[in-house]
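Report on the structure given below.
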Amino acid sequence: MIVFLYIFVSLALVFWVGFPLLNTGTGATRIDELTQERTRSLLDSLSDLYASHDADKMETSDFANIENRILLELAKIYRDQGVDPQASASKKDTCPTCHTPIKSNFQFCPSCGAVAA
């Protein structure tokens, strides 16, 4: 009886450890999700940075340094994905008021609330 229990526990442990290793298709998907999440986070940070600068809550030199770091990080992500953000963005894809990237089916900007053109 103990032998069967030992075999059962061993097989369960092997499947528990081995199943994620056999499911190889999710690795690339997870990296894509993390990249998209990082891009959204950087865009949100950039929007917050512009709002803070417009409200005179930070020094101009600090603003420039932080803006450059965020833009460089975004450029690196776009370059790694083979995307040219200037070529792919159209006037419909950005807010006419705050220039935040928005989806084409949005009627209002999620950042400032302006009517999307």
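FYI, it's all coordinate maths here, none of it is from the lab. As the structure is a computational prediction, the values presented were derived from the model and not from experiment. When we count neighbours, we look across all protein chains shown, and the Cβ atoms used for this are built from the backbone with ideal geometry, even at glycine.
Projected label points at R40 and T94, each 7 Å from Cα along the beta carbon direction, are separated by 2.2 nanometres. Whole-percent P(r), region 28-83, all Cα pairs, 10 Å bins from 0: 23, 47, 22, 8, 0.
Each residue, E73 and V115, gets one label point 7 Å from its Cα in the Cβ direction; the gap between the two is 3.6 nm.
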